[in-house]
1. Which whole-number percentage describes the relative contact order of the chain, with Cα contacts under 8 Å and a sequence gap of 6 or more?
2. Summing +1 for each Lys or Arg and -1 for each Asp or Glu, what net charge is found among the other residues whose Cβ lies under 14 Å from the Cβ of Leu27?
3. Could you pull out every residue, at least 5 positions away or on a different chain, whose amide H is within less than 5 Å of the one on Ala90? Hs are placed 1.01 Å off N in the peptide plane, and Pro or chain starts have none.
4. Whole Å is fine, so just give me how far the alpha carbon centre of region 68-114 lies from that of region 1-48.
5. Place +1 on the Cβ of every Lys and Arg and -1 on the Cβ of every Asp and Glu in the chain, take the dipole about the Cα centre, and give the residue among Ala28, Ser132, Ile117 whose Cα lies farthest towards its positive end.
6. From the backbone phi of region 15-23, what are the Karplus-calculated ³J(HN,Hα) couplings (6.51 cos²θ - 1.76 cosθ + 1.60, θ = phi - 60°) in whole Hz, Gly and Pro given as x?
7. Indicate, rounded to the nearest 5 percent, the antiparallel portion of the DSSP beta bridges found entirely in region 3-137.
8. Using only the alpha-carbon atoms of the chain as identical scatterers, what base-10 log of I(q)/I(0) does the Debye formula give at q = 0.10, 0.17 Å⁻¹?
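Since every read-out is calculated from the coordinates, none of them should be taken as a lab result. None of the values given here were measured: they were computed from a predicted structure. Reconstructed Cβ throughout: ideal geometry from the backbone, glycine too, with neighbour counts over all protein chains shown.
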Amino acid sequence: MDVKILKLHLQNAGLEIFRVRGEEVHLAERHNLQLMEAGVRARGGERPALLVVLRAQRNDAPHEGAGALFELVRTRARMVLPEGFTETDAIARELRNVSDPSQVLDLWYEVTFERAISTPEEAVELALRALSIERYILPAGA
């Protein structure tokens, strides 16, 4: 699937593009006036797919271990993602202070889910659904 055609379909559906990297179109969402990466990507090329990244943040549950936070994300994903998405990656991403890179401000526990697509229209439909769910997962009581 041609990434330029994929991007055009996403834009024509009213979705904002954050950037294009290789064969992936990274979608954006607005927070106040800032344009932010949404954690939703459409991939063209030989293996077209829609990718969704859900995350939990260490600062929201400082007494929980990495395994518990990853499982929180996976459990929520099973409840909110449409059928056909499978886990493809799980990473702990350090967020560092830009003024002092030795200081870790938070850890994000990100799990990436992917579903194959066959048409740009299917990418638009799944992207709209993915953008409608909460991708930042809060533990109970946070």
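1. Working: 255 pairs, mean separation 37.6, N = 142.
Rounded, it is 26 percent for the chain.
2. Details: positive: Lys7, Arg19, Arg21, Arg30, Arg41, Arg43, Arg129, Arg135; negative: Glu16, Glu24, Glu29, Glu37, Glu125.
After counting each charged neighbour, the total is +3.
3. Thr112
4. Taking the Cα centre of region 1-48 as reference, the centre of region 68-114 is 20 Å away.
5. Ala28
6. The phi angles translate into 7, 8, 9, 7, 5, 10, 10, x, 9 Hz.
7. Details: 34 of 36 bridges.
Restricted to region 3-137, the bridges split so that about 95 percent are antiparallel.
8. For the requested q values the scattering log ratios are -0.36, -0.96.
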